[in-house]
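The values are calculated or read from the model by the stated rules, or taken from the named source; none is laboratory data. What you see is a predicted model, and the numbers here were worked out from it, not measured in a lab. Please note: Cβ atoms are built from the backbone with ideal geometry, for glycine as well, and neighbour counts cover all protein chains shown. Please note that ligands, DNA and RNA were not included when accessible areas were found on the heavy atoms of the full protein model with its side chains. Shrake-Rupley method; radii C 1.70, N 1.55, O 1.52, S 1.80 Å.
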Amino acid sequence: TEMGTIYEALDFPARAAKAYKKALALQPEHVDTLVRMGRVLIQTGQVIDAIPILTRAARVAPDSIAVLNNLGVAFSAAGMYDDAVTTFQKAIKISGSEPALHSNAAESLYRVGRLEESEKHLRKSLSLTPTRLLDHAALRKVVLMRVVLAERCRAGKTPTPKDLEAALISRWNKEGWPPGSHRGELADLLEDREAMHLLDKAISACPAQG
């Protein structure tokens, strides 16, 4: 494990993985080595290989925040977002004061279209560490998407930027965000294919009109 840690610190993840593999051959259930091995595999794009390693660690140490966070990250990187959400939520029940857990949960919830829950976790992360710039950006995006979705549900059609203007000005003022900045963020959103796909899927959850 020591050599793997050195290689990892020197940014040689492939060498670190080999060192951790040797260490695990001697101590296959050493939790710290399993976590480090899983993390290196994620960093090198070998996510599918990381999942069983981290799952093994979770069996040995089911209440370890480090294990659960890394396993959740692996699930998310593999596109297994529901599994990621479940894993992050389990970790949050154990320790709800870790902003990274809320941030990671928010990302996975966003990916499955659970925007309201994603927003709640982003706000929690920022309440714990207000300087998390990426979470601020993610929060603005999720809030924007929820405003768009609400208008689409209300009107039963895709709103134009003009249709959204009043609602966005009101929400931006409430949040204390820079006046007028919603226009640029809306333009970016409309170019974001993944976000628009998520919104299209969420339409099916709109209450029936009439």
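Here are the numbers for the structure shown:
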| quantity | calculated |
| --- | --- |
| Lone qualifier among Arg15, Arg56 - being in contact (Cβ under 8 Å) with a residue 24 or more places away in the chain, among the basic types (Lys, Arg) and surrounded by 15 or more Cβ atoms within 10 Å (Cβ to Cβ) | Arg56 |
| Total residues in region 1-39, condition aliphatic (A, V, I, L, M) and at pLDDT 90 or above | 10 |
| Sole exception among (1) farther than 21 Å from Ala105 by Cα; (2) modelled with pLDDT under 95 for Gln43, by number | (1) |
| Close pairs (9 angstrom Cβ cut-off, 6 or more residues apart or separate chains): touching a residue at least 24 places away in the same chain (Cβ under 8 Å) in region 160-178, surrounded by fewer than 16 Cβ atoms within 10 Å (Cβ to Cβ) and in a helix (DSSP H, G or I) anywhere | Pro161/Arg183; Pro161/Ala187; Pro161/Leu190; Leu168/Pro161; Leu168/Arg183 |
| Flag for Thr33 being over 30 Å from Leu122 (Cβ atoms), open to solvent by less than 20 Å² (accessible area, probe 1.4 Å) and of a type in the set (S, T, N, Q) | yes |
| From Gly38, Gly79, Gly72, residue being open to solvent by less than 60 Å² (accessible area, probe 1.4 Å), at positive phi and within 20 Å of the chain's Cα centre (by Cα) | Gly79 |
| Pair list, Cβ < 8 Å and 6+ apart or interchain, from region 66-93 residues that are closer than 24 Å to His30 by Cα and in a helix (DSSP H, G or I) to residues that are modelled with pLDDT of 95 or more and of a type in the set (Phe, Trp, Tyr) | Leu68/Phe88; Asn69/Phe88; Gly72/Phe88; Phe75/Tyr81; Asp83/Phe75; Ala84/Phe75; Thr87/Phe75 |
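Per-residue answers, yes or no, for (1) surrounded by 13 or more Cβ atoms within 10 Å (Cβ to Cβ); (2) assigned to a helix (DSSP H, G or I); (3) among the aliphatic types (A, V, I, L, M):
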site	(1), (2), (3)
His102	yes, yes, no
Ala106	yes, yes, yes
Ala138	yes, yes, yes
Val142	yes, yes, yes
Arg154	yes, yes, no
Thr158	yes, no, no
Ser170	no, yes, no
Gly184	no, yes, no
Pro207	no, no, no
